[in-house]
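Only the coordinates and a few stated rules stand behind these numbers; no lab work does. What you see is a predicted model; the values in this text were computed from it and never measured. Here the Cβ positions follow ideal geometry from the backbone for every residue, glycine too, while neighbour counts run over all protein chains shown.
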Amino acid sequence: MKRLMLGNEAVARGLFEAGVKLVSSYPGTPSTEITEFAAKYDEIYCEWAPNEKVAAEVAFGASLRGVRSACAMKHVGLNVAADPLFTLSYTGVNGGLVLFVADDPAMHSSQNEQDSRHYAIAAKVPMLEPADAAEAKAFVKRAFELSESYDTPVIVRMCTRIAHSQSVVELEERAEKALPVYEKNPQKFIMAPANAVRRHPFVEERTKKLAALAETDAALNRVEMGGTEIGIVCAGTVYQYVKEVFGDSVSVLKLGMVNPLPTELFKTFAASVKKLYVIEELDGVIESHLKNLGIPCTGKEMFTPLGEYNQTSIRKAFGLPVPEHRKAPQVPVRPPIMCAGCPHRGLFYTLAKHKITCLGDIGCYTLGSAAPLNALDSTLCMGASVSGLHGFNKAGGSESEGKTVCVIGDSTFMHSGMTGLVNIAYNASNSTVIILDNSITGMTGHQQNPTTGKNIKGDPALAVNLEALCHAIGIERVRVVDPYDLKACEDAVLEELAADAPSVIISRRPCMLLKYVKAKPPVKVNEDKCVGCRQCMKLGCPAISFKNKKARIDPTQCVGCDVCTQLCKLNAIEKGER
């Protein structure tokens with residue numbers, strides 16, 4: 001049977017067919033759907049872990065027990081999981097272990113566009129890169145075979161275009177495996193120096209064997225001979241663009257294994273064409289390998305290391321005519337903004353009103369940096385707001401303390417904010433941490449987390465009590481506010497900043513987009529009272545606009561949060577009626 005599948009859905013199908021028993025992940029676009037689709041198979045135990053390091057270690061534990069396991073993450077998540085990855089390369093596996101890493105060229109939903117191939121090279125583990133959904137499913141199964149045959153973790157590199165595009169996938173049966181008897185093997189799995197030093201030669205020898213496989217396995221790396229004037233080396237989504245632009249008029253070496261790379265295959269292919277090009281998004285990893293082999297090729301001097309490629313950019317690079325496309329109608333620019341009724345808006349308005357320096361974090365609340373709120377001063381990585389606040393205040397002393405806060409979401413706090421708060425308590429900075437608790441992992445599409453009281457399937461689970469956790473860490477001043485209550489927000493922020501002690505404010509209200517959250521009747525503007533002061537526009541709410549010098553409320557967007565009614569001193573914005 002065949003089905004049209006997203007790349008991420010095809011990965012999940014591959015996990016099912018490969019007999020995988022455990023998947024542990026942290027959500028991160030564009031990788032999130034891998035675990036969400038995998039959770040639909042009852043044969044696979046799936047979970048959301050607090051962060052990617054934990055997820056990789058959970059997968060290791062399952063592999064140690066002898067079953068096939070996996071974890072999925074976006075490219076910056078691999079930074080978090082790098083610690084276990086590098087040593088997993090030494091230990092190897094019992095059951096097959098595969099990490100799925102989704103890169104995000106052009107940064108559609110990311111803070112950088114790092115190239116994950118460097119991790120595979122540095123950790124000395126094989127990496128496969130599929131070019132469509134069908135190949136994604138096939139490479140999942142092949143990755144587990146390689147993992148067990150070569151005693152290694154394997155990385156499968158996805159990217160936004162493959163993860164979120166569709167192609168036809170052939171469905172097959174699941175290869176179920178019985179739970180093996182566990183046998184202790186301390187020399188292999190206890191990475192004390194004496195054991196690790198003996199495992200390193202194994203890793204180097206394994207890399208040589210995998211490189212030899214890359215030379216001959218056409219299911220991974222294949223040559224498609226066409227015209228001999230031009231030869232192109234490519235992988236992943238770029239392969240699709242190359243085929244659409246050139247068809248069979250050029251010869252193509254399509255790589256499916258992007259680490260380790262072959263040697264003789266490259267030399268033979270280069271000798272079969274007059275001019276060799278390497279087309280790869282982001283860094284010139286393949287190009288550098290070819291040039292180190294002494295193979296002349298053209299790469300990054302012709303193609304940018306920035307963002308995504310497409311058919312048009314490749315045509316332009318080769319000086320080929322670009323087909324004319326019907327011009328899309330001009331539409332007004334719509335910058336990203338927090339939703340109408342977003343529970344973070346009232347808190348951000350308070351910070352902006354009092355010109356408080358605010359270190360931000362990774363989440364939908366990063367949109368608090370946008371006009372007109374302009375409430376954030378920095379956003380670095382998961383959890384950095386809390387640690388950064390401590391450093392900012394230690395450096396600035398009284399010039400910073402009492403004037404600076406940080407904001408972090410509930411899911412991000414569980415991911416990597418807790419340790420920063422421990423540092424604040426232990427090393428005693430007068431810092432105020434604001435946890436924006438919207439009762440969900442909002443940015444990646446409403447996944448559960450350890451504070452929500454539900455697991456990945458929506459079943460009841462332990463809910464971490466944030467107040468008790470902060471107290472246990474050593475923070476005595478912990479208070480909860482409703483961000484829809486502007487006065488409560490203002491009182492909490494100013495009082496905690498004035499206190500001579502570290503503190504936590506939990507701004508708690510569920511995301512307005514959650515299914516169980518019901519909107520109130522939309523508010524309305526009494527035009528007789530409205531004087532056009534535009535004070536309400538400072539909220540940056542998309543439901544509020546101006547026409548004929550009067551405020552207007554879009555009833556199709558307004559959810560009746562009443563924040564704007566508190567802001568209007570003339571009572572021109574009135575609560576709606578049921």
If you count the DSSP beta bridges with both ends in the chain, what percent of them are antiparallel, to the nearest 5?
-> 30
What ratio of Cα Rg to 2.2 N^0.38 Å holds for region 219-266?
-> 1.09
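In percent, what relative contact order does region 311-402 have, based on Cα pairs under 8 Å that are 6 or more apart in sequence?
Result for region 311-402 is 20 percent.
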Between the alpha carbon centres of region 539-578 and region 398-472 the gap in Å comes to 31
Residue-ordered couplings for region 242-250, obtained by feeding phi - 60° into the Karplus form 6.51 cos²θ - 1.76 cosθ + 1.60 and rounding to whole Hz (Gly and Pro as x), are 4, 5, 5, 7, 9, x, 9, 6, 10
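222 nm [θ] for the chain, helices only, -39500 (n - 2.57) per DSSP H run of 4+, per residue, to 500?
Here the helix-only value at 222 nm equals -10000 deg cm²/dmol.
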Report, ordered by chain and residue number, the aspartates and glutamates lying within cross-link reach of Lys524, taken as a straight Cα distance under 18 Å and ignoring same-chain residues fewer than 8 apart.
-> Asp554, Asp562, Glu574, Glu577
Over region 471-578, calculate the relative contact order: mean separation of alpha carbon pairs under 8 Å at least 6 apart, over the residue count, as a percent.
-> 27
Computed P(r) (all Cα pairs; the chain; 20 Å bins; percent) | 19, 45, 31, 6, 0
Per-selection Kirkwood Rh - region 221-317 (Cα, Å, 1 d.p.) = 13.2
Tell me which residues come under 5 Å, amide H to amide H, from Gln447 once H is placed; ignore anything under 5 positions away on its chain.
-> Thr441
Considering amide H positions built from the backbone, and no H for Pro or chain starts, which residues 5 or more places from Ser503, or on another chain, come under 5 Å of its amide H?
-> Ser431, Thr432, Val433
Could you work out how far helix 7-17 tilts from the main Cα principal axis of the chain, as a 0 to 90 degree angle to the nearest 10?
-> 60
Identify the GluC sites (Glu not before Pro) of region 240-338 meeting these criteria: DSSP loop state and at most 11 other C-beta atoms within 10 Å of the C-beta.
-> Glu301, Glu324
Percent relative contact order of the chain, based on C-alpha pairs within less than 8 angstrom and at least six residues apart?
-> 11
Pop out the ³J(HN,Hα) list for region 506-512 in order, Karplus 6.51 cos²θ - 1.76 cosθ + 1.60 with θ = phi - 60°, rounded to Hz; leave Gly and Pro as x.
-> 9, 8, 10, 6, x, 3, 5
List, in the order given, every pair from Lys274/Lys327; Lys184/Lys454; Lys275/Lys316; Lys353/Lys549; Lys267/Lys300; Lys547/Lys575 whose Cα-Cα distance in the structure shown is over 28 Å.
-> Lys274/Lys327; Lys184/Lys454
Taking amide H positions as placed 1.01 Å from N in the peptide plane, with prolines and chain starts having none, which residues 5 or more places from Thr357, or on another chain, fall under 5 Å of its amide H?
-> Val405
Could you give the length gained on full extension between Leu514 and Ser272, defined as 0.36 nm per residue of separation minus the Cα-Cα distance, in nm?
-> 81.3 nm
So what are the ³J(HN,Hα) numbers for region 217-231, from phi and the Karplus equation (6.51, -1.76, 1.60; θ = phi - 60°), rounded to whole Hz, Gly and Pro as x?
-> 8, 5, 6, 9, 10, 10, 9, 10, 6, x, x, 9, 5, 10, x
